[in-house]
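Here's the structure we're looking at; comments come further down.
The values are calculated or read from the model by the stated rules, or taken from the named source; none is laboratory data. Predicted, not measured: the structure shown is a model, and the values here were computed from it. Quick reminder, even Gly has a Cβ in these numbers, built from the backbone with ideal geometry, and neighbours come from all protein chains shown.
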Amino acid sequence: MGQLPFDPRPWPIRRNQALQDQTMRHTIGFVTRRFALAKRDVYRKNPAIEASRQAAVGQKRQAIRDMPRLLEQFRAQVEEHGAQTYMAAGAHDAIAIALRIARQAQAKLVIKSKSMVTEEIELNQAFESAGIVVRETDLGEYIIQLAREKPSHILAPAAHRNRHQIDELFHHDASQQGIQPPVSDEIAELTHYARFRLRQEFLRADMGVTGGNFLVAETGTLVLITNEGNADMVTSLPRVLVSIVGVEKIVRDWSSLVQIIQQPAMSGIGRHLSSYTTMVHGPRQSASAEGPDEWHVILLDNGRKALLGTEFEDVLSCIRCGACLNVCPVFREVGGHAYGSVYPGPIGIVETPLLTDLQVLPEIPSTLCTLCHACLEACPMDIELPHHIVALRRLKAKRRLNARRLDWTMRTWARFWQTPQGYRRSVQIARLAQRVSRQPRILHSAPGLFGGWFETRDMPAVAAETFHEWWPKHHHTGASEK
Ligand code: SF4
């Protein structure tokens with residue numbers, strides 16, 4: 001079993017905080033809709049993509065099945081190029097290895113490119129506790145680092161913040177640094193400020209840390225895709241480079257990579273390819289002018305290998321494109337932080353309990369999905385997200401992890417609705433209850449367990465007369481034929 005950081009606050013608190021944050025809701029809604037529309041357009045204009053997507057799914061599934069052998073091949077190739085590889089069973093092991101390397105390198109400043117795996121193991125916190133300064137260099141990650149927040153979207157970590165809020169953050173940073181703040185909150189000015197600040201860090205850093213989008217077993221190559229080019233700097237400027245990558249990122253060879261490399265950008269942001277593709281084969285060779293002196297690759301398991309051979313194996317094909325988040329009606333309303341996990345959205349609902357345990361954030365499979373199946377349609381890797389969510393709910397019920405009151409209510413409800421008589425009786429009870437509570441048209445509240453449901457929703461009241469009651473009265477008089 002792996003470990004993931006999670007927000008210990010109860011779900012109602014996380015939910016209410018999200019629903020009350022109108023700026024976040026507006027910004028997340030805007031960003032996700034824009035990404036989803038761009039994806040729809042790129043697929044519509046390029047019908048040939050579909051064949052390449054299907055080929056990518058096949059190649060990735062095969063690579064996952066061959067994972068143990070391909071990882072060994074990858075490690076052998078990387079070590080032949082003069083780099084070191086390590087297998088980390090869990091977050092603690094990965095952190096211990098990374099810290100050891102940083103201490104040996106006497107690193108004081110570490111620069112990072114965007115990496116969800118380092119969020120998963122909370123690498124920044126571990127480095128900072130050891131007195132090492134960490135600087136995120138992806139713009140979105142840089143923003144949330146200044147705000148001391150977690151990513152709210154796996155592809156666009158600062159998707160919940162608008163430019164006015166970012167301008168405020170940069171002004172605060174500038175006043176602490178005693179430097180000129182951005183001259184306005186225009187996007188060009190904000191990026192100019194971030195570029196100015198980060199350039200100094202790039203040049204001073206002792207160590208670079210990356211994640212990885214793909215690991216090519218055939219040649220021992222790490223592939224990173226970014227839209228800002230910061231990974232090029234992180235992998236080439238510091239003396240020491242550490243790459244921490246989930247074991248599921250393995251692909252067999254370059255022909256597989258060609259099929260799959262377009263998918264994150266196409267499905268995530270509706271573009272043919274990310275702006276930059278960075279490939280790392282090894283540390284600097286004697287003839288090269290640039291590149292790190294040392295390259296260390298930490299391959300992280302953290303609960304992934306346990307999914308091999310199970311009904312959830314296809315989850316390991318996730319390429320972190322974020323397409324499932326972009327179409328999810330729940331994610332669009334509450335944003336990523338409400339999930340409480342480092343992995344939000346439909347993939348987070350599935351991955352969080354699978355990598356850790358159903359007892360970690362037990363509410364998310366039941367509460368944060370409407371089973372609309374939009375994520376299944378959106379996922380370029382054909383991951384059976386809604387089916388997995390139902391399977392997790394079933395497991396949860398089997399392990400009796402639902403609140404007792406909820407269990408009792410669902411059983412009673414099921415008993416009533418198993419027969420037509422029970423269904424009609426439940427309608428009569430509901431009608432009586434709404435009469436007593438004086439809510440004739442719209443229900444705004446309910447007692448007991450149902451009360452929580454009404455905290456954030458209204459519901460039309462049960463009709464004064466149901467169709468079953470209306471039909472016999474009017475049918476015999478012929479009123480229905482008029
Ligand atoms: S589950 Fe599918 S859609 Fe969601 S992030 Fe992973 S690959 Fe993309």
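Test each condition in (1) of a type in the set (S, T, Y); (2) farther than 30 Å from R14 by Cβ; (3) in contact with a helix residue (DSSP H, G or I) (Cβ under 7 Å, 6 or more places away or on another chain) for Y142 and report the one that comes out false.
(2)
Only one residue in G208, G212, G229 is within 26 Å of E120 (Cβ to Cβ), within 25 Å of the chain's Cα centre (by Cα), of a type outside the set (S, T, Y) and surrounded by fewer than 20 Cβ atoms within 10 Å (Cβ to Cβ), so which one is that?
G229
Please pick out the residue among H387, H337 that is out of contact with any helix residue (DSSP H, G or I) (no Cβ under 6 Å at 6 or more places or on another chain), under 30 Å from F30 (Cα atoms) and away from the ligand (no atom under 15 Å from the Cβ).
Working: H387 fails: away from the ligand (no atom under 15 Å from the Cβ).
Of H387, H337, the one residue that is out of contact with any helix residue (DSSP H, G or I) (no Cβ under 6 Å at 6 or more places or on another chain), under 30 Å from F30 (Cα atoms) and away from the ligand (no atom under 15 Å from the Cβ) is H337.
Starting from residues that are of a type in the set (K, R) and exposed (fewer than 12 other Cβ atoms within 10 Å of the Cβ), keep the ones in region 419-459 and report whichever is farthest from the chain's Cα centre (by Cα).
Only one residue fits best here, namely R438.
Tell me the helices (runs of 4 or more DSSP H) entirely within region 372-482 that contain at least 3 residues that are at pLDDT below 85 and of a type in the set (A, V, I, L, M, F, W, C).
404-417, 449-454
Working only within region 355-377, note down all residues that are within 15 Å of the ligand (Cβ to nearest atom) and surrounded by fewer than 23 Cβ atoms within 10 Å (Cβ to Cβ).
C372, H373, A374, L376, E377, listed by residue number.
Restricting to helices (runs of 4 or more DSSP H) lying wholly in region 8-112: which have 2 or more residues that are in the same structural domain as K150 (by TED's automatic domain parsing) and within 22 Å of the chain's Cα centre (by Cα)?
Once the helices (runs of 4 or more DSSP H) in region 8-112 are filtered for at least 2 residues that are in the same structural domain as K150 (by TED's automatic domain parsing) and within 22 Å of the chain's Cα centre (by Cα), what remains is 11-20, 22-45, 49-65, 91-104.
Quick one: would you say V280 is under 21 Å from C379 (Cα atoms), crowded, with 20+ Cβ neighbours inside 10 Å and not charged (D, E, K, R)? Spell out the reasoning first.
Numbers: under 21 Å from C379 (Cα atoms): no; crowded, with 20+ Cβ neighbours inside 10 Å: yes; not charged (D, E, K, R): yes.
Criteria not met by V280.
Does A89 satisfy being more than 25 Å from H281 (Cβ to Cβ) and either crowded, with 20+ Cβ neighbours inside 10 Å or among the aliphatic types (A, V, I, L, M) (or both)?
When the stated conditions are applied, A89 passes them.
Taking region 310-333 as the region of interest, how many residues are surrounded by fewer than 23 Cβ atoms within 10 Å (Cβ to Cβ) and more than 10 Å from the ligand (Cβ to nearest atom)?
Here the count works out to 8.
Hey, could you check region 246-276 for residues that are within 13 Å of the ligand (Cβ to nearest atom) and charged (D, E, K, R) and say which is surrounded by the most Cβ atoms within 10 Å (Cβ to Cβ)?
Within region 246-276, the match that is surrounded by the most Cβ atoms within 10 Å (Cβ to Cβ) is K249.
Quick check on this structure: which one of R75, R15, R25 is basic (K, R) and modelled with pLDDT under 95?
R15
Considering R415, R405, which residue is touching a residue at least 24 places away in the same chain (Cβ under 8 Å) and either of a type in the set (K, R) or within 22 Å of N302 (Cα to Cα) (or both)?
R405
Hey, does region 108-123 have a residue that's within 16 Å of the ligand (Cβ to nearest atom), of a type in the set (G, A, S) and surrounded by 18 or more Cβ atoms within 10 Å (Cβ to Cβ)?
yes
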